[in-house]
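One structure is given below, encoded as structure tokens.
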Amino acid sequence: MTRLAASDLTLAYDDHEVAAHLDLEIPDGEVTVIIGPNACGKSTLLRALSRLLRPKSGSVLLDGGDIHRLPTKEVARRLGLLPQSPIAPEGILVGDLVARGRTPHQRLFQQWSRADEAAVLDALAATGTEDLVDRAVDELSGGQRQRVWIAMALAQETDLLLLDEPTTFLDIAHQIEVLELVTKLNRESGRTIVLVLHDLNLACRYSHHLVAMRDGRIVANGTPHEVITAERMHDVFGLDCIVIDDPVAGTPLVVPMGSAAAVAPASTGSLV
């Protein structure tokens with residue numbers, strides 16, 4: 001039994017049904033990335049898995065039990081979430097924001113403990129943000145902010161971490177920085193991590209497991225090599241492409257065909 005799973009899950013906002021009859025098991029100890037076109041239900045599924053959205057029908061199972069029947073603090077001790085575009089209180093310092101990750105472990109009238117301090121220091125060290133602890137969050141670069149938010153989630157000390165589009169609005173260097181951090185967290189601590197990503201090639205490079213969605217349905221899930229084929233990219237994204245091996249990672253690399261191929265200048269064969 002995996003720690004996090006969806007069973008016959010139907011999701012809706014008011015009367016608008018977004019996804020129906022989803023069955024999914026998140027592999028323990030691996031990085032899973034959910035991919036698919038805009039408005040296909042990726043973030044909605046992640047919201048449901050994290051207990052932010054109550055399903056219309058079906059259930060999300062955390063350690064075998066219905067996640068909505070568990071106390072909120074108990075869920076927060078087992079599962080950490082970094083939502084899309086989180087907003088920090090104005091002027092808050094990095095150290096204070098990361099410390100908020102300890103909230104699920106606090107009790108009424110309980111003093112800040114050595115365990116809390118150690119968890120925050122470990123989270124700062126894991127994300128390389130120790131030198132930012134006295135900086136205001138709103139003064140940081142995009143990549144720094146994302147690492148700080150991940151540090152806050154790590155301070156919860158959960159084995160499950162869900163990240164909704166953590167590379168949005170970041171340049172390519174900062175995207176790699178954040179995804180390398182995710183890989184490091186998985187490799188060094190065995191955390192189960194679930195991400196929503198838009199970049200197919202980064203999703204392939206930094207995941208063990210892919211879940212492909214379209215129109216509120218899961219159309220494929222498995223390893224990147226199992227999921228990413230030219231035929232499936234056409235079916236899921238309407239994209240004409242070829243799929244080759246990434247020369248660095250050996251993972252699938254999606255190369256769109258597009259009209260640019262027809263107008264690219266021909267090589268003269270000269271090196272000078």
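The values are calculated or read from the model by the stated rules, or taken from the named source; none is laboratory data. Source: prediction; values computed, not measured. Don't worry about glycine lacking a Cβ; one is built from the backbone with ideal geometry, like all the others, and counts go over all protein chains shown. Keep in mind that these areas ignore ligands, DNA and RNA; they rest on the heavy atoms of the full protein, side chains included. Shrake-Rupley method; radii C 1.70, N 1.55, O 1.52, S 1.80 Å.
Screening residue 168 on (1) at pLDDT 90 or above; (2) within 22 Å of residue 35 (Cβ to Cβ) shows it passes everything except condition (1). The combined condition, being free of Cβ contacts under 8 Å to residues at least 60 places away in the same chain and closer than 18 Å to residue 34 by Cβ, is fulfilled by residue 175. Mind listing just one residue for me: the one in the stretch 121-154 that is open to solvent by less than 30 Å² (accessible area, probe 1.4 Å) and of a type in the set (S, T, N, Q) and, of those, nearest to residue 174 (Cα to Cα)? By that ranking, first place goes to 146.
Table: residues versus (1) surrounded by fewer than 21 Cβ atoms within 10 Å (Cβ to Cβ); (2) touching a strand residue (DSSP E or B) at 6+ places or on another chain (Cβ under 8 Å); (3) assigned to a strand (DSSP E or B).
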| site | (1), (2), (3) |
| --- | --- |
| 20 | yes, yes, yes |
| 29 | yes, yes, no |
| 33 | no, yes, yes |
| 51 | yes, yes, no |
| 58 | yes, yes, yes |
| 80 | no, yes, yes |
| 89 | yes, no, no |
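The combined condition, being touching a residue at least 40 places away in the same chain (Cβ under 8 Å) and under 17 Å from the mean Cα position of the chain (by Cα), is not fulfilled by residue 9. The residues listed here are 85, 7; of these, the one that is among the hydroxyl-bearing types (Ser, Thr, Tyr) and assigned to a strand (DSSP E or B) is 7.
Going through the stretch 200-239 one residue at a time, which ones are open to solvent by 50 Å² or more (accessible area, probe 1.4 Å) and closer than 21 Å to residue 180 by Cβ? 205, 208, 223, listed by residue number.
Taken over the stretch 75-98, the residue count meeting the criterion of being farther than 20 Å from residue 163 by Cβ and either in contact with a helix residue (DSSP H, G or I) (Cβ under 6 Å, 6 or more places away or on another chain) or without any contact (Cβ under 8 Å) to a residue 12 or more places away in the chain (or both) is 3.
In the set (1) within 17 Å of the chain's Cα centre (by Cα); (2) among the charged types (D, E, K, R); (3) over 28 Å from residue 73 (Cα atoms), the condition left unmet by residue 131 is number (1). In summary, residue 24 fulfils each of the numbered conditions (1) under 23 Å from the mean Cα position of the chain (by Cα); (2) over 29 Å from residue 232 (Cβ atoms) with the single exception of condition (2). For the residues 33, 120, 98, 133, the requirement of being of a type in the set (Val, Ile, Thr) and within 19 Å of residue 19 (Cβ to Cβ) singles out 33. Scanning the stretch 62-71 for residues that are open to solvent by 50 Å² or more (accessible area, probe 1.4 Å) and free of Cβ contacts under 8 Å to residues at least 12 places away in the same chain turns up 69, 71. Counting just the residues of the stretch 96-150 that are among the hydroxyl-bearing types (Ser, Thr, Tyr) and part of a helix (DSSP H, G or I), which one comes out nearest to residue 84 (Cα to Cα)? Per the stated criteria, the residue is 127.
In the condition set (1) within 19 Å of the chain's Cα centre (by Cα); (2) of a type outside the set (Ser, Thr, Tyr); (3) open to solvent by 30 Å² or more (accessible area, probe 1.4 Å), residue 100 is compliant with all but (1).
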